[in-house]
Structures are given as C-alpha cells and as structure tokens.
Amino acid sequence: MSATPETPALDLSWLDLFDEPAAVEPSDRGLTLEAIAANGLAAREDAPRDMTPRLRGASARANAHRQGLTYQTKADVWADQCLALYEEAVQRQWSSARDIPWGELEPLPDETERAVCQLATMLAEVEFIAGDVPGQWLPSISGDEFEVGLFLMSQIMDEARHTDVFRKRALANGGGLLAQGAGLGLRNLLDAKDFTEMSVLMHVQAEGFVQSMFRMGELIGPTAADKRIFRMAAQDESRHLAFGVMHLKHVLAETPERREEIHHYLDRAEERSGGGSGDVTFPPVFESLAILLGGGRDHFDEGVAKFLLLRRRQVREYLHRLDVAGLGDRRERLGPALTPFAA
Ligand SMILES: [Fe+2]
Ligand SMILES: [Fe+2]
C-alpha cells in the first residue's frame, strides 16, 4: 500500500500581486497581437534578453535551460507589420479541399492539361521547400520577438496548403505528376546562414518572382479552378512578401552598415536564379508556361511573347519592392541575367 502524498506547503510567490496590472482591451478587430502589445509589452530594440524559451514579458526563472543560439537584437529578425500579418493569416486561412471548385474542372486538350500539370508539379516542390526554409529559422527567433515566430508558423501553414493544392491539381484532371523542377535557386534559400539573408532571398526575391507569376494566373490558368488556385495562393504570398520587404526596411533603418552585405547576397542569388538554371527558365517550366499563356501549342510564339512579359513583370516588381524597402540602388547593380527585363 502506497503512502498518501503529503500536501506541499504553499509557496504562492508566483502570484506576484500585480505590481504592474496588465489589462488589455480588444480593438474593433478583436483581441489582436497589437492590442496585447500595448501596456509596455511591445518588443523593444534594447530589451535585455536570454536564450531560454521565455516569451517577452514573463519573469525569468533562474534555472531555465538555454535552448540554443537565438538572435540577440530585435533588428536581426523584426518586421513592424508581423503582428498584423499574423492576424491576417489566421483570419484568411482557406481549404484546398473545399475552397477550390474542383467539381468544375473539365477535360482539356492533352497538351494544355499536361502544361498545367507540369507547372503544378514544379510548384508543389517549390512550395514544399518554401515551408522548410522558414522552419529552419524558428529555433533562432527569441521569445522577445515571438510575433516573428508566430508569423513564420503561419507562413509554414500557408506553404503546406500551397504544396497540397498544386499537387492535387496535377492529379485532379487526368494529367498527373510530371517532371521535377530545376531547384537550384531553392538550394540557395536553404543554404542561407543569416535570417536577413534568408528573408531577402526567399521573401523578397523568390516569393516575389512566384507572386508575379500567380498574379498572371488569370492568363495562365485555363479553368475557373486554376484561376482560383492562383488567386488564393497569391493572397497568401502577399503576406510573405510584405514580411520580407518590411524586415529589410527595418534592418536598413536600424543597421545601415549591413547594406553592402545585403547587396552581396542579392549579387549571388541573381546570378543563380536569374540565369538558365532558375526554375522559371527551366525548359519544362518555360515551355509549359508558354503553352498556357499562348493558349495552346499552336500559339507558342504568342506564348513566348507573354512569357517575356511575365519575366519583365517579375523583374520590375522585384526592383519596386526593393525600392520600397530602401534598396532602390539595386537597379544600378542588377545582375546581367535580369538587366534585359528591367526596362
Ligand atoms: Fe507559397
Ligand atoms: Fe510563400
């Protein structure tokens, strides 16, 4: 028979009796992250920090374990809009099972169906990596900037849905999964060794190029379901891009000495993703896009002309986003593979 455990003596030091009462009021959008960041609980550039899992505002425990290296300044990871972007992500989740009119898919000419499937196969792979990349960085985000972590987690959920919706598209209408994408630009993202390097390469450059393509979804997608997939995915991508642009803006404002370092990351990435080895210029992807944009193989020339328009749009929008972030001088040092499309 086991002994009855004794009731431990009460400690109650955790009660702390509310020296600084924290009562947060919901805004008209609800009890948002911005609402709970009021009352002196907002992230600060100069906050003293530790490397334990403690989230900002909680009192520290003396024997708390460290959990690895986390960034030591707010500017290393922060974007002012990450609170609002997270709230928007939560409110605008959609379902790849229910929110796409799959029932309205209809038989397409073989080459058109295959072209959609080739693009969807490549995009499923790209989106899968787009989840891995922010996932790698979660352990580096300090609890002092937990909102950045929340935003990245919402991005990972978005990318899961994108992976899933493009793979479903390849399998939904008789074309099937086709060739793997080129992938070299993606390796570049996984190899980034710094948060800002990752963010400028992924959020601003790679997702920017993808977003410019999604925004042409009305022209690319042959059916209502395809157009809707591109529209829904573009809505999510705009948050990922906004985070990247606003993070870069914050970094340049707080640590202007990092400017050349950031240009250096872009120099390397433009060399790799802008030339013949990039995902968009990879032959199966280029050809399928040209078939879709032209409206069939018989209109391939027209498709190529529209593809060049897409490249121009990608590069112009990329430069515009960098300009918004405060890196407008990128225009003068753009890599040679992208320069022809910048005008
Ligand atoms: Fe995505
Ligand atoms: Fe994304």
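Each reported figure results from applying straightforward, stated rules to the coordinates on display, with no laboratory input. What you see is a predicted model, and the numbers here were worked out from it, not measured in a lab. Neighbour counts are summed over all protein chains in view; Cβ atoms, including those assigned to glycine, are modelled from backbone coordinates with ideal geometry.
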Inset, instruction - Note the count of lysine pairs whose C-alpha atoms are less than 30 angstrom apart in the chain, limited to pairs 8 or more residues apart or on different chains. - result: 6
Inset, instruction - Note the angle between two axes, namely the Cα long axis of helix 82-91 and the longest principal axis of the Cα atoms of the chain, as a number of degrees from 0 to 90, rounded to the nearest 10. - result: 70
Inset, instruction - Using per-residue counts of other Cβ atoms within 10 Å, averaged over each peptide, order 207-215, 69-77, 53-61 from highest down. - result: 207-215, 69-77, 53-61
Inset, instruction - Please report the base-10 log of the normalised intensity I(q)/I(0) for the chain, using a Debye sum with one equal scatterer per alpha carbon and no solvent, at each q in 0.09, 0.13, 0.14, 0.16 (1/Å). - result: -0.56, -1.01, -1.13, -1.37
Legend entry - Crossing angle, helix 224-254 versus the chain [Cα axis fit, 0-90 degrees, rounded to tens]: 50
Legend entry - Under 5 Å, built H, 5+ apart or other chain: amide partners of M51: none
Inset, instruction - Treat every Asp and Glu Cβ in the stretch 75-341 as -1 and every Lys and Arg Cβ as +1, leave all other atoms uncharged, and give the resulting dipole magnitude about the Cα centre to the nearest 20 debye. - result: 560
Inset, instruction - Would you mind calculating the relative contact order of the stretch 75-341 from Cα pairs under 8 angstrom and at least 6 residues apart, reporting the percent as a whole number? - result: 26
Inset, instruction - For the stretch 54-193, just say rounded, prolate or oblate: build the C-alpha gyration tensor, square-root its eigenvalues into a ≥ b ≥ c, call rounded for a/c under 1.5, and beyond that prolate if a/b exceeds b/c, oblate if not. - result: prolate
Inset, instruction - Any chance you could give the angle, 0 to 90 degrees and rounded to 10, that helix 110-137 forms with the longest Cα principal axis of the chain? - result: 20
Inset, instruction - Mind checking which of F195, F209, F230 is farthest towards the positive end of the stretch 169-318's charge dipole, using Cβ charges of +1 (Lys, Arg) and -1 (Asp, Glu) about the Cα centre? - result: F230
Inset, instruction - Provide the net charge surrounding A79, with neighbours chosen by a C-beta distance below 12 Å and charges set as Lys +1, Arg +1, Asp -1, Glu -1. - result: -2
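Taking each pair of distinct Cα atoms in the stretch 142-233 once, what is the resulting Kirkwood hydrodynamic radius in Å?
Numbers: mean 1/r = 0.0658 Å⁻¹.
It is 15.2 Å.
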Inset, instruction - Compute the Cα gyration tensor for the stretch 276-343, then decide on rounded, prolate or oblate, letting a ≥ b ≥ c be the square roots of its eigenvalues: rounded whenever a/c is under 1.5, prolate when a/b is larger than b/c in the other cases, and oblate in all that remain. - result: prolate
Legend entry - Segment A97-D267, extension gain: residue separation times 0.36 nm, minus the distance between their alpha carbons: 57.2 nm
Legend entry - Farthest toward positive dipole pole in the chain [+1 Lys/Arg, -1 Asp/Glu at C-beta], among G303, T73, G185: G303
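If you take the square roots of the eigenvalues of the alpha-carbon gyration tensor of the stretch 156-294 and sort them as a ≥ b ≥ c, do you get rounded (a/c under 1.5), prolate (a/b over b/c) or oblate?
Values: a/c = 2.32, a/b = 1.73, b/c = 1.34.
Prolate shape, in that a/c is at least 1.5 and a/b is the bigger ratio.
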